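For reference, the structure is listed below as structure tokens.
The values are calculated or read from the model by the stated rules, or taken from the named source; none is laboratory data. What you see is a predicted model; the values in this text were computed from it and never measured. Counting neighbours? That spans all protein chains shown, and the Cβs are built from the backbone with ideal geometry, glycine included.
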Amino acid sequence: MKQCIPLLLMLYLVVLSACNSTRIVKPLAKKQVAVGLDFGGPIMDFAGAKIPVPFSSISVGYGIDSNLTFFGGVNITSAIFGTVQWDLGILGEVIRPQKGYIPGLSIGASTQMMVDVFEANFRMYPVLDVNLYWNYLPKHEHYFYVNWGSWFDFWDRTQGIGNTKLYYPSFSLGHTFENKKMRYTIEGKYITPGIENGGTPVKFNGIAGQGSWGVYLSVVRKF
Amino acid sequence: MKNIGFLLLFLTITLTGCRLDNFLFNPATVTEYKFDAFEEEQRFVLDSSYAISESLIDLMTLESGPEDDRETIYAAYIGDQSRISQDTIILYCHGNAGHLDYYWERAKLLANAGGKNRFGVFFMDYRGYGKSTGKATEAGLYYDVDACMKWLKAQGLTDDRLVIYGFSLGGAPSTELTANPRTLTPSKLILEAPFASFEFMAQDIAKIAFAGSFYGNLEIDNSVEIQKVQQPFMWMHGTADDFVGIHHGELIQQNYQGTHKVIRRVQGGEHSTVPIVMGFDIYMKLVADFITGEI
């Protein structure tokens, strides 16, 4: 059977739904609103090339306080295929970035939720993000960051098969160019290290047959 | 903000017509079947010792499906049609890619199992594949394989001499029509490199336990349907299958609740290479022995 089949398109959605870019790393200013578009996903083989899955979502954020931001998002690609997927969360800045090399520390807690419009199957996954970010240029807001993301999956698998894998980590390195109105971010991510990625029609590019690299872009407008 | 709300509403309500079901099928069309003269790249090409006399090859068309979903499918019978009322027949259901020409060499292997033309072999292009009309669907798979059973029955085949063999996607109609018979009830079921279910595959790739309905409406679930099968069952799967991992087949064979099960985990076998890695002679003997009840 041909190895390169459109079945991978079926499954890109499945995988990508679990692979958003990091929503918000650095809190918004108090009462500030941000609206963003996110693109990208795990890198897979397709027609002889290695491409990031073209996943997309719309995100919003609101600065409850200078160190506390509410955020959410809706997955556009999932919606196209009949699954409404959204996330809601809150990000708190634990340590402000200091002069020199001491980074800021923020922690985000959110839930990814999804329901399909055909059978109304529902899933909800807790997500925890820990971010370190550096404002490395005086008088500028640009920063780069590292992220440790954690998905938790407590749902039984098909046919009532017990779920023995409850934790799905990811690690990201990103950079954000920021000015008064905009944030532009590029992020590289390593998703689910230690988890085998073979034996399926979708060929992901990870390390030694495990996990997948991912690339993401986001553009955010602040109001 | 209002505009964004409307945009989200629009996306959610108006764009939900897309489903991923169709991506399960990867048909190739053709204007003419060539069989031995087919020159495109194949997994293997048999030597002349496996040749089948042209007088024993019959390409035909069949009408398949109910009136509101009827298509003309192409099928090929290898063997002496006048002996269908006496012979044992292997009904071969191919995988999700290609068309009859791609599976011709495999069909010839089966036609040589147990000796040349020991068993009749019948295989078909599902709707949308090869020269068959229409578009591949899950329901269409079942209609098309059942259409072949109708033809075989009309030639005098009875349940006890029908063996159904499903490769990869072909495992779906094979299992379904053995578990829930329509025209004929296969007496034995052979599955090579089957996938467990649509949802199992989705979760297998996503790793996370998403619902299959997030992505499609396919109801294919071989690992559940196999529980209804009491007929003798043989399963073959390559341990190095990187397309449909062997754990798919393992789940199916574990769920089989009949009393006669033959298992072959083929060390180093990939998705399409089980007969090659096993060795053609061993493969053909295995199939023949299973059909004749030697194993």
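Taking the stated definitions as given, is A:V127 closer than 23 Å to A:T185 by Cβ, within 14 Å of chain B (Cβ to nearest Cβ) and of a type in the set (V, I, T)?
Against the criterion (closer than 23 Å to A:T185 by Cβ, within 14 Å of chain B (Cβ to nearest Cβ) and of a type in the set (V, I, T)), A:V127 qualifies.
Would you mind finding the one in A:P103, A:P169 that is within 12 Å of chain B (Cβ to nearest Cβ) and more than 30 Å from B:E219 (Cβ to Cβ)?
From the options A:P103, A:P169, the qualifying one is A:P169.
Being modelled with pLDDT under 90 and of a type in the set (A, V, I, L, M), is that true of even one residue in the range A:126-137?
Yes: one or more hits.
Collect the residues in the range B:198-238 that are among the hydroxyl-bearing types (S, T, Y) and at pLDDT below 95, keeping them in residue-number order.
Selection gives B:S213, B:Y215.
So which residues in the range B:229-256 are at the interface with another protein chain (Cβ under 9 Å from one of its Cβ atoms) and over 17 Å from B:V274 (Cα atoms), if there are any at all?
B:L251, B:N255
Cβ-Cβ below 7 Å, separation at least six or inter-chain, first residue in the range B:110-132 and over 16 Å from B:E32 (Cα atoms), second among the polar types (S, T, N, Q): which pairs?
As it stands, the answer is B:A111/B:N117; B:G114/B:T292; B:F119/B:T88, since those pairs meet every condition given.
Can you tell me which residue among B:I252, B:I263 is in a helix (DSSP H, G or I) and either out of contact with any Asp or Glu (no Cβ under 7 Å at 6 or more places or on another chain) or in contact (Cβ under 8 Å) with a residue 40 or more places away in the chain (or both)?
Among B:I252, B:I263, only B:I252 is in a helix (DSSP H, G or I) and either out of contact with any Asp or Glu (no Cβ under 7 Å at 6 or more places or on another chain) or in contact (Cβ under 8 Å) with a residue 40 or more places away in the chain (or both).
Give me the pairs: first residue in the range A:76-90 and at the interface with another protein chain (Cβ under 7 Å from one of its Cβ atoms), second residue among the aromatic types (F, W, Y) and crowded, with 20+ Cβ neighbours inside 10 Å, beta-carbon distance under 7 Å, and six or more apart or on different chains, which are they?
Matching pairs, first to second residue: A:F81/B:Y215; A:T83/B:F214.
Out of the range A:153-163, which residues are exposed (fewer than 15 other Cβ atoms within 10 Å of the Cβ) and either touching a Pro at 6+ places or on another chain (Cβ under 6 Å) or of a type outside the set (S, T, N, Q) (or both)?
A:F154, A:D156, A:G160, A:I161, A:G162
Exactly one condition in (1) touching a Lys or Arg at 6+ places or on another chain (Cβ under 9 Å); (2) charged (D, E, K, R); (3) touching a residue at least 60 places away in the same chain (Cβ under 8 Å) is not met by B:E138; state its number.
Only one criterion in (1) touching a Lys or Arg at 6+ places or on another chain (Cβ under 9 Å); (2) charged (D, E, K, R); (3) touching a residue at least 60 places away in the same chain (Cβ under 8 Å) is unmet by B:E138, namely (1).
Can you pull out the strands (runs of 3 or more DSSP E) entirely within the range B:50-163 that have at least 2 residues that are farther than 16 Å from B:V287 by Cβ?
Filter on the range B:50-163 gives B:57-64, B:71-78.
Could we say that B:G170 is touching a residue at least 40 places away in the same chain (Cβ under 8 Å), closer than 22 Å to B:T72 by Cα and in a strand (DSSP E or B) here? Step through it out loud before you land on a result.
Details: touching a residue at least 40 places away in the same chain (Cβ under 8 Å): yes; closer than 22 Å to B:T72 by Cα: yes; in a strand (DSSP E or B): no.
Taking the combined requirement at face value, the residue does not satisfy it.
In this structure, is B:A240 surrounded by fewer than 24 Cβ atoms within 10 Å (Cβ to Cβ), aliphatic (A, V, I, L, M) and in contact with a Gly (Cβ under 8 Å, 6 or more places away or on another chain)?
The answer is yes for B:A240.
Yes or no: the range A:171-189 includes at least one residue that is at pLDDT below 90, assigned to a strand (DSSP E or B) and among the aliphatic types (A, V, I, L, M).
Checked the range A:171-189: no residue is at pLDDT below 90, assigned to a strand (DSSP E or B) and among the aliphatic types (A, V, I, L, M).
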